[in-house]
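S.K.: This is the structure I have questions about; it appears just below.
Derivation of every value follows stated rules applied to the coordinates shown; laboratory data play no part. Model, not experiment: these values are computed from the prediction. Cβ: placed from backbone, ideal geometry, glycine included. Neighbour counts: every protein chain shown.
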Amino acid sequence: MTAMTAPMGKFGQSVKRVEDSRLITGNGRYVDDLVLPGQTYAAFVRSAYAHARIGAIDISAAEAMPGVVKILTGQDLVDGGLFALPSGWNLNSVDGTPARVGVHHALAVDTVRFVGEPVALVIAETRGQARDAADSVFVEYEELPAVVDMAAALGPDAPQLHPDIPSNRAFTWDIGNAAEADAAFARATRRVSLELRNNRLVPNAMEPRAINAEWRAYDGSMTIYLTHQNPIGMRLFFMMLLGLESENHLRVVSPDVGGGFGSKAPCYAEELVVAFAARAVGRPVKWTAERTESFLTDAHGRDHVTTAELAMDDEGRFLGLKVHTLANLGGYISTSNALVVSYMYATMLCGQYAIPAVHAVVEGVYTNTCPVDAYRGAGRPEAAYVIERLAHLAAREIGVDQAEIRRRNFVKAFPHQTPLVYCYDSGDYEGCLDAALRLADYAGFEQRRAEAKARGKLRGIGLSAYVEACGIGPSKLLASLGGGGGMWESCEIRVQPGGSVEVLTGAHNHGQGHQTVYAQIISERFGIPMDRITVVQGDTDRIQAGTGTYGSRASVGLSAAVKSCEKIIEKGRHIVGYMLGIDPGEVDFAEGIYTSAATNQTVAFTEMAGAAHAASSFPTDKLEPGLVATTFFDPPNFTYPAGVHVCEVEIDPETGVTEVVAFNAADDFGNVANPLIVEGQVHGGLTQGIAQALWENAVYDPDTAQLMTASYMDYGMPRADSLPEFGLAFWPSPTPVNPLGMKGCGEAGAIGSPPAVINAVCDALGIAHVDMPAAPEKIWRLCQERQEAL
Amino acid sequence: MEFTGSYLLPCSPETAWTALNDTEVLKSCLKGCEALERTAETEFTGKVAAKIGPVSARFSGTMRQTELDPPRSCRMQFEGQGGVAGFAKGGALVTLAARDGGTELTYVADTQIGGKLAQMGARLVEGTAKSMADDFFGKFAAAVAAMEPDASLAAEPSQDMSPPAGPSSGVSSWLMPAVIAIIVAAAAVVFLR
């Protein structure tokens, strides 16, 4: 029998994802698949009102129903010592006062503040029994007026959501320099301004949120199986909020995670309640969200209302930028949202442009809606949308081409310190623009427009030159901005006696292909086949430390892995030195083989691994046995991926339907480890970004604050047949901030594409602005107005 | 959400008025109605049990009549609670007018819905309300025909008189906007499970 040669990994190669055959053949293992001995099931009683005082809660009928184990209300949780949900970021207002954080009980105690807010939990022997009993819990509500619109919420007549938080304003935060911005505007001869809305989105992970929690009374410890992007971070949150003795008393396991897009990063009320319940009943409790629950309570994305103004000289050089944003927080401040709307958003408002004077103000506003938090891009899409819409208007105002206005204002030298805290690491914005224009055949567009016109279609082209911040770090900077620090990632590499390798990382895969990319990179370093490498994630009993996966942090985790590889290889050099009786300095290592140039002797990596564990060929007082290396990597800066997206749309003026007929993107993700996976990430990001621009929109009834788009009948999800073939090119400027030169690609597609689409729509219709989503009804009306004007 | 509709009843306006205020008649025509009581001169409460497929739920509602002008018109305020299924509340104006061969009943109801009822979307609410209401009115027309002393009017009921314009279910009564909303709440649970 001839053994198949397993593939060797190589950085930069399109290795197929090793996890896919398992996942697409039904062998993924998700939280809901797990049934524990003595399993019980939970169902939530949720508020049908957006804003109401809670009166009596009658659980007597439900308690008597078959299979019911226990029913918990908000008061039970308070009595049981469960802490309220915290804001995970300390943001200060302009006047120096801390953000006003409304008390967020995991189960509402006296007031509900958004539709779907959990009020009680029923635990029963089966899922069906839990649901039936939940239907029989009667809650008295005294309905209060509700508010959805942020301007209205700030007004004098608005209902107040939280006691002691007047005007529903959580904070008024600013960044930049107001005086310098004013001076720039005074100097400027040309200006453009814009009021825009960044539409609220529902995240729609394929796997809904789920938890299975098990309490062990004998030692006061708990295991939580949780679908989450950051299991290690959740260990800390749950340990503190439940009041467990220490981190060591809580194990958090996240098995396969079916998508997150940011929505599986917060610490949620429901999961906390289920963990509390498991302790209360002394049996495992499982909850899996129904799709409607996902719509109502998975942290939503975006929802900004922004006014922005750009000052220029006569040649269209950007002199100053002023931005004022109302950020809808929802009924409470979700875990990371104070960060998302401030340092993940306003810091990026300059985009790719060298704008010397900037001032941005963000007001965080409570409304009777689902809490908002990170969603694919988390603040950077909102920033790119503002500056790229302004750039489009600037080109119109000055009367120059869309590409030319950008070219005139690009940052050209790196590192570039922006006036908004961050310092861009590397880039070649003009080269990237040219690459995108070539890819899109920009020069041939007017011919395509004329050809479309002959067919009765309005064709438009839109550009977007985005830059974003990935690989979040360093810890010290983030702590100084209001976070808890801890923005490193760890990687432990264990080489077993037989030469197989176990990789333990605190990053957690939820669709990024970590099993493939970690194995690919380590395979190349060690010169061993990829199938000899196992990537272990998502179990806090196995992985000591880490910070999870969000904001394209693969570069941080992989950097830690590479450094651990170097430590292993270096130790191997010493072991081989003893084995061959030569100085370790004379031992070379390449493609899995240690060689001595002097003697021509060789030792394979796997032989060295065996020797490390046997510990018989070297003095153990001088060299420790075993072969394990751990690295904590704290990046010295963010990475700043950037790119240019070119979108072409055709609008049918008879129906108002906008079709994206071409979409091309040239992106700088730094060095690309696996182009196949990166292209997949870009395809997904572009799809979500195009969907935000054209279809997706979470709509609350303005009077009752009922979520009107709470199912796939009413919420416009993107479909493959609504999208063009994407044209992609990489234009890498490797980052100096990590050893691999990688920047990150997970969010880029969703950041660059919405302004590219809307710029194209505006170009097609010859209008200044249309708010997202550019749905057919809205566009049809604009076409009618256009027709009348002609 | 606005519901409008009209229906031709095979009876005089006086008979229709009487029937629409007769809780026993309404109860017998309304599938799953467990209780329908007059709690005061112009106030009613009701309970409807709906079991559709594996889901059963119980809905309770209240209705208060205002601006009574028998047998011509009446305004009302109503509110229905369906537990997890959500709630419906609103106001309605119902008018009765003598027509050849009977009485035309017309209603305009403005309804606010909440919870699952709102989340499922208007199109399902309307469709379900219509089928529930058709069922009710088939029985109600037969009931008023039996009550009608003038035999010339107690003929087969004709179908919808007004073609639906915009959102329209088909039918109503004093209690119907409230009752329909409550029933739809029950249906909503099934669609959303």
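S.K.: I need the peptides A:764-774, A:44-54, A:242-252 ranked by packing, meaning the mean over residues of other C-beta atoms within 10 angstrom, with the highest value on top.
M.R.: So the peptides A:764-774, A:44-54, A:242-252, ranked by packing, come out A:44-54, A:764-774, A:242-252.
S.K.: Related question: Under the 0.36 nm per residue contour assumption, what length would be gained going from the current alpha-carbon distance of A:Tyr712 and A:Thr602 to full extension? Mind dumping the intermediate values first?
M.R.: Working: separation 110, 0.36 × 110 = 39.60 nm, distance 6.19 nm.
Taking 0.36 nm per residue and subtracting the Cα distance, the gain is 33.4 nm.
S.K.: Also: Below 13 angstrom from the Cβ of A:Ala152, what's the summed charge of the other residues (Lys, Arg +1; Asp, Glu -1)?
M.R.: Details: positive: A:Arg169; negative: A:Asp149, A:Asp157, A:Asp703.
Net charge in that neighbourhood comes out at -2.
S.K.: Which helices, taking whole DSSP H runs in chain A, have alpha carbons extending 20 angstrom or more along the helix axis plus mean Kyte-Doolittle at least 1.0?
M.R.: A:748-765
S.K.: Sort A:Met608, B:Met76, A:Met8, A:Met222 by Cβ crowding within 10 Å, fewest neighbours at the top.
M.R.: Result, fewest neighbours first: A:Met8, A:Met222, B:Met76, A:Met608.
S.K.: Let's test this: bin the Cα-Cα distances of segment A:477-544 at 5 Å from zero up to the farthest pair and state each bin's percent.
M.R.: 4, 16, 23, 20, 16, 10, 6, 4, 2, 0
S.K.: Hey, another quick one. Among A:Glu363, A:Glu309, which comes first, then next, by fewest other beta-carbon atoms within 10 Å?
M.R.: In increasing order of surrounding Cβ atoms, one gets A:Glu309, A:Glu363.
S.K.: If you don't mind, there's one more thing I want to ask. What is the fewest-to-most order of A:Thr735, A:Thr40, B:Thr4 by other Cβ atoms lying within 10 Å of their Cβ?
M.R.: Listing A:Thr735, A:Thr40, B:Thr4 from fewest to most nearby Cβ atoms yields B:Thr4, A:Thr40, A:Thr735.
S.K.: If you don't mind, there's one more thing I want to ask. Report the GluC sites (Glu not before Pro) located in segment A:652-695 that are in a DSSP loop and have at most 13 other Cβ atoms inside 10 Å of their Cβ, or state none. Write down the numbers at each step before the final one.
M.R.: Working: sites: A:Glu654, A:Glu659, A:Glu679; in loops: A:Glu654.
For GluC sites (Glu not before Pro) across segment A:652-695 that sit outside H, G, I, E and B with at most 13 neighbouring Cβ atoms in 10 Å, the list reads A:Glu654.
S.K.: A:Glu180 to A:Asp531: extension gain in nm, 0.36 nm per residue of separation minus the Cα-Cα distance?
M.R.: 120.6 nm
S.K.: Then there is this: Would you calculate, for the protein assembly as shown, the mean residue ellipticity at 222 nm contributed by helices, counting each DSSP H stretch of 4 or more residues as -39,500 (n - 2.57) and dividing by all residues, to the nearest 500?
M.R.: -9000 deg cm²/dmol
S.K.: May I pose another question? Can you tell me what the convex hull of the Cα atoms of the protein assembly as shown projects to on average, as an area in nm²?
M.R.: 48.4
S.K.: Quick one: what are the phi-derived ³J(HN,Hα) couplings along segment A:468-478, Karplus 6.51/-1.76/1.60 with θ = phi - 60°, whole Hz, x for glycine and proline?
M.R.: 9, 10, 10, x, 3, x, x, 4, 5, 4, 5
S.K.: Still on this structure, please answer the following. If you take the beta carbon distance between A:Glu404 and A:Ser167 as r and set R0 to 41 Å, what does 1/(1 + (r/R0)^6) give as a FRET efficiency, to the nearest 0.05?
M.R.: For R0 = 41 Å, the calculated efficiency reads 0.40.
S.K.: Loop-only check: which trypsin sites (Lys or Arg not before Pro) in segment A:133-238 are DSSP coil with at most 13 other Cβ within 10 angstrom? Kindly include the intermediate steps, with their values, before the conclusion.
M.R.: Working: sites: A:Arg169, A:Arg187, A:Arg190, A:Arg191, A:Arg197, A:Arg200, A:Arg209, A:Arg216, A:Arg235; in loops: A:Arg200, A:Arg209.
The qualifying sites: there are none.
S.K.: Kindly flag which residue pairs out of A:Lys571/A:Lys622; A:Lys322/A:Lys743; A:Lys70/A:Lys264 have an alpha-carbon separation exceeding 22 Å in this structure.
M.R.: A:Lys322/A:Lys743; A:Lys70/A:Lys264
S.K.: I would also like to ask the following. Using the C-alpha gyration tensor of segment A:488-633, what are the square roots of 5 times its eigenvalues, in whole angstrom, with the largest one first?
M.R.: 29, 15, 12
S.K.: Enter the Cα centre distance for the pair segment A:571-599 and segment A:491-529, rounded to the nearest angstrom.
M.R.: Result: 23 Å between the Cα centres.
S.K.: Show the residues, 5+ positions off or on another chain, whose built amide H is closer than 5 Å to the amide H of A:Leu627.
M.R.: A:Val495
S.K.: Now, a different point. Check the straight Cα-Cα distances from B:Lys139 and name the lysines below 24 Å, setting aside those fewer than 8 residues away within the same chain.
M.R.: Those lysines meeting the cut-off are B:Lys27, B:Lys31, B:Lys47, B:Lys51, B:Lys130.
S.K.: Ok, one more. What FRET efficiency comes out for the pair B:Thr45/A:Arg542, r = Cβ-Cβ distance, R0 = 60 Å, nearest 0.05?
M.R.: 0.50
S.K.: Please work out the C-alpha center-to-center distance from segment A:273-347 to segment A:16-54 and express it in whole Å.
M.R.: Spelled out, the Cα-based centre of one part sits 23 Å from the other.
S.K.: 7 Å from Cα along Cα→Cβ at both A:Glu140 and A:Asp157: what's the point-to-point distance in nm?
M.R.: 3.1
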